[in-house]
Amino acid sequence: MKNGIHPENYRLVVFKDMSNDEMFLCKSTADTKDTIEFEGQEYPLIKMEISSTSHPFYTGKTKLVDTAGRVDKFMNKYKKFAK
């Protein structure tokens with residue numbers, strides 16, 4: 001492994017799946033201004049739309065995740081073509 005190519009600023013960060021509110025603690029170098037209390041301590045927070053706890057590949061369940069309203073926009077745009 002080459003020296004000097006990997007970041008040195010790893011710290012514990014809480015990742016939160018916004019679709020099901022699951023949280024997990026992991027080391028990361030990702031920047032964030034949000035913080036959260038997790039297991040009695042304050043940690044930086046990274047918000048995610050989907051993780052292994054909500055992804056259909058890992059859960060085996062099909063679930064529509066639409067946080068930006070894209071499905072509604074599509075339906076409104078093309079409803080005039082409905083039979």
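Overview of values
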quantity	calculated
Spatially proximal aspartates and glutamates relative to K27 (Cα-Cα < 13 Å; intrachain offsets below 8 disregarded)	E8
Approximate spin-label separation F74-E39, in nm, with each point projected 7 Å along Cα-to-Cβ	3.9 nm
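No lab work stands behind these numbers, since they all come straight from the coordinates. These numbers were taken from a predicted model, which means no experiment stands behind them. Note: ideal-geometry Cβ built from the backbone for every residue, glycine included; neighbour counts use all protein chains shown.
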